[in-house]
Amino acid sequence: SRKRTLATTVFAAALSLLTFANFGHAQSMDSKTCDCHKQTDTMSNQPSRAYINAYNVPSTGIALEGYSPVSYFTEGKAQKGSPKFTADYNGVTYHFTSAKQVAQFKANPAKYEPAYGGWCALGMAIEDKLPVDPTLYKIVDGKNYLFLKNAKIDALKIWNDKNESQLIKKADAYWAKVSG
């Protein structure tokens, strides 16, 4: 049991270090090589909507980087939505591919809302809020679990190599703590 706890702690620390090592590009680049500063300057006049109700939402307030939460279920793939088709739920704005998807979402938003507020499911299982690649997901028992993927980590692969039901229990417990 102590070995398992130590192994989990080491795994969590390694995953956190690897994850956040890849997000420092904006700080290390000057404004001539990265247009991310221009985007920040453009949005600075708008109030941030990040971390609404503990959800993983950028300052724009658009969840899932604009991907439609309905498409994961109805199309079996991640599809970019359009600003023409939007709906809000729990203070978060979602984009959809059609008016039909908006109606589906509004009829049962909890069905389509991503698990853990859109944070990485593996991150929740190791008690950390990790960003996601919205195209990397898995539907389990009617829930959409999203995962981190970068040059060093494929969280879905790690998830699939472990005991999924145990990971979900751990992630559910941690989400209950951090979602307020």
- Enumerate by residue number the chymotrypsin sites (Phe, Trp or Tyr not before Pro) in segment 76-106 meeting two conditions: DSSP loop (anything except H, G, I, E, B), and at most 10 other Cβ atoms within 10 Å of the site's Cβ. none
- Item | Set of lysines with alpha-carbon distance to LYS152 below 20 Å, sequence-local pairs under 8 removed | LYS129, LYS138, LYS162
- Quick one: if you stick a label point 7 Å off each Cα along the C-beta vector at TYR89 and LYS106, how many nm between them? 1.4 nm
- Task: Give the calculated FRET efficiency between SER165 and THR135 to the nearest 0.05, with a Förster radius of 25 Å applied to their Cβ-Cβ distance.
- Result: 0.55
- In Å and whole numbers, how far do the C-alpha atoms of segment 65-148 stretch along each principal axis, longest first? 37, 25, 20
- Query: What length, rounded to one decimal in nm, is gained on full extension from THR74 through to ALA99, with 0.36 nm per residue of separation minus their alpha-carbon distance?
  - Reply: 7.6 nm
- Could you rank GLU75, GLU113 by how accessible they are, 1.4 Å probe, largest area first? GLU75, GLU113
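The values are calculated or read from the model by the stated rules, or taken from the named source; none is laboratory data. Not measured: the values here are computed from a predicted model. We place every Cβ from the backbone using ideal geometry, glycine too, and count neighbours over all the protein chains shown. Heads up: the accessible areas ignore ligands, DNA and RNA and are worked out on the full protein's heavy atoms, side chains in. Shrake-Rupley method; radii C 1.70, N 1.55, O 1.52, S 1.80 Å.
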